[in-house]
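The values are calculated or read from the model by the stated rules, or taken from the named source; none is laboratory data. Source: prediction; values computed, not measured. When we count neighbours, we look across all protein chains shown, and the Cβ atoms used for this are built from the backbone with ideal geometry, even at glycine. Each accessible area value is taken on the protein alone, full model and side chains, heavy atoms only, with ligands, DNA and RNA left out. Shrake-Rupley method; radii C 1.70, N 1.55, O 1.52, S 1.80 Å.
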Amino acid sequence: RRRRDAPPGPAPGRARAESSPIAPTLLVMRILHTSDWHLGRTLHGVDLSGPQARFLDHLVELASAERVDAVLVSGDVFDRALPPVGAVEMLDDALARLCALTRVVIIPGNHDSPQRLGLNARLLGERLRILTRPSRAGESVVVPEADGSAGLLVHALPYLDPDMTRAELAEAVGADEPLARSHEAVVRAALGLVRAALTARRRGGAERVPAVVMAHEFVTGGRASDSERDLRIGGVDSVPAALFSSVGADYVALGHLHGPQAVAGSRDPDADRGACARPGPVMRYAGSPLAFSFSEKDQRKSTAVVDFDASGAVSRVRLVPAPVPRRLSDVAGGLDEVLGRRFEARRDDWVRVVVTGAERPDDLVRTVRRVFPHALQVLFEPTGRGPGASGAIGRASDPLRVADEFVEQVSGRAPSDAEHAVLAQALEAAGRRG
């Protein structure tokens, strides 16, 4: 065990960076929690490879400065199952640099191909673990302390598509019947494997060490944005937070939602400091390092630095801001107002410009981009009709509701239960292909 003011890790000679001085406490382990890199993604046609490379440089520097025991990446490393070559090379370079400093544990998200992501797993030996098998959730990755003893246990739930994983998980838990076709059923089964493993270890008299569960799921109550892919199966896209609270983990490292956030109702280590700790784990979404839609423009992107104390509990979570390549902002008003001095401070931003007026100005896009060279969207809104009155549908709209409303609009009646079910099945199939 080590104290926070003592040399904390396997690389002597470097001091940990602290945002503010605090009294020395017995520190067991420190991790970085990150997720949703989406390497290979663009933003309204803008190549994000440069900003993504800068974030990975920042992450390597942070891992070195904080002298962390492990970096946990909770899914959606790539933006699609078959990533571009440049994204693969960027990941390989980042993993090599991170593994020279510490251990790295990765799970695939719903955008990743587990098979392709897993190809990197053997390249860097024990320093890199890419965990892709749902039925092995009960097997922990042991992150050792400097003396080789167990310092942290990591259990991994890769993204669990019910159609792809319920048979494997049913066999793993010894179920006599197939699992229900739902996110809740497969997550419950995988967490049952984790709970059994942690219970057996602790009943066996092993020293109490911190335990982390990594998962890539939409937990009920989380705040979504426009840029996460819909996970709907059987009409439901989320799982209850209560599934994670009774597993025996100390920290739940979540991926999928792009806004950094704590799960509602989970333990808050800052609120518990100096008082009786609330039972249950700290559950957090790391969020994406970059904004991938205008719905994320007000989010403060970050990486979570998580400390565990001698009891195995999370003692502190610090959010270290991620580099901001260019601010996202909205500009709206009449053409003269938009081009005037009111929005002068936003001219170097990535902007969404909405021009209002009685008639659409000629050559609108070119006119706006002379003043806002980084405008990503230029829209026209007729005066008096109000936002959205044109009938445009945003990515935040519930796709199933949109489909139901379309049927009602063209047929004059709401879809029947059978038609609604067909629409839901078609959307699920399209989501899997997307």
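Numbers below:
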item: Read-out P(r) over Cα pairs in 10 Å bins from 0, in percent, derived from the coordinates shown; its label in (i) 4, 20, 28, 24, 15, 7, 2, 0; (ii) 4, 18, 27, 27, 18, 6, 1; (iii) 5, 22, 32, 28, 11, 2, 0; result: (i)
item: Cα→Cβ-extended label distance, 7 Å offset, between Gln115 and Ala224, nm; result: 2.9 nm
item: Rounded Å value of the spacing that divides the Cα centres of region 54-85 and region 194-244; result: 21 Å
item: Residue order for Arg103, Arg41, Arg30, Arg401 - accessible surface, 1.4 angstrom probe, largest first; result: Arg401, Arg103, Arg41, Arg30
item: Distant-in-sequence amide H partners of Ser315 (H built 1.01 Å from N, under 5 Å); result: Asp307, Phe308, Asp309
item: Value of relative contact order over the chain, rounded to a whole percent, pairs C-alpha under 8 Å and six or more apart; result: 13 percent
item: In Å², nearest 10: area of Asp47 left accessible to a 1.4 Å probe; result: 100 Å²
item: Highest-MSF residue in the chain out of Phe308, Phe218, Phe343 [GNM, Cα springs under 10 Å]; result: Phe343
item: Most to least accessible of Ser227, Ser149 (protein chains only, probe 1.4 Å); result: Ser149, Ser227
item: Carbon + sulfur, % of accessible area of the chain - ligands and nucleic acids excluded, 1.4 Å; result: 52 percent
item: Theoretical FRET efficiency, 1/(1+(r/R0)^6), r = Cβ-Cβ of Arg202 and Glu177, R0 25 Å, to 0.05; result: 0.25
item: Gain upon complete extension [Ala264, Asp362; 0.36 nm per residue less C-alpha separation]; result: 30.4 nm
item: Two-site FRET efficiency, Glu405 against His44, from Cβ-Cβ distance with R₀ of 22 Å, rounded to 0.05; result: 0.25
item: Built amide H within the under 5 Å cut-off of Phe380, gap 5+; result: Val355
item: Positive-pole candidate from Thr367, Pro210, Val282, dipole of the chain, charges at beta carbon; result: Pro210
item: Two-site FRET efficiency, Glu139 against Leu82, from Cβ-Cβ distance with R₀ of 45 Å, rounded to 0.05; result: 0.95
item: Protein-only accessible surface order, largest first, of Met164, Met283 at 1.4 Å; result: Met164, Met283
item: Residue-wise HN-Hα coupling along region 328-337, computed from phi with Karplus coefficients 6.51, -1.76, 1.60 (Hz; x: Gly, Pro); result: 9, 8, 10, 10, 8, x, x, 4, 5, 5
item: Using alpha-carbon coordinates, inclination of helix 417-433 to the longest axis of the chain, degrees; result: 70 degrees
item: Derived scalar couplings ³J(HN,Hα) [region 338-345; Karplus, 6.51 cos²θ - 1.76 cosθ + 1.60; whole Hz; x for Gly, Pro]; result: 4, 7, x, 7, 4, 10, 4, 5
item: Amide H contacts of Ile130 (H built 1.01 Å from N, under 5 Å, at least 5 apart or other chain); result: Ile106
item: Extension gain, Asp417 back to Thr383 (0.36 nm per residue minus Cα-Cα distance, nm); result: 8.3 nm
item: Estimated inter-spin distance, Ser149 and Asp92, nm [label 7 Å along Cα→Cβ]; result: 4.0 nm
item: Karplus 3J(HN,Hα) series, Hz, for region 179-189 with 6.51 cos²θ - 1.76 cosθ + 1.60 (x for Gly, Pro); result: 5, 4, 7, 7, 4, 4, 5, 6, 5, 4, 5
item: Choice from Asp163, Asp270, Asp417 showing the highest fluctuation, given a GNM over the chain with Cα pairs closer than 10 Å; result: Asp417
item: Crossing angle, helix 162-172 versus the chain [Cα axis fit, 0-90 degrees, rounded to tens]; result: 10 degrees
item: Rounded to 5, percent antiparallel among DSSP beta bridges of the chain; result: 35 percent
item: Additional length obtainable on full extension of the chain from Leu376 to Ala345, 0.36 nm per residue less Cα span; result: 9.5 nm
item: Helix axis angle, 399-411 relative to the chain longest principal axis, alpha carbon, degrees; result: 30 degrees
item: The chain - accessible surface per residue (Å², probe 1.4 Å); result: 47 Å²
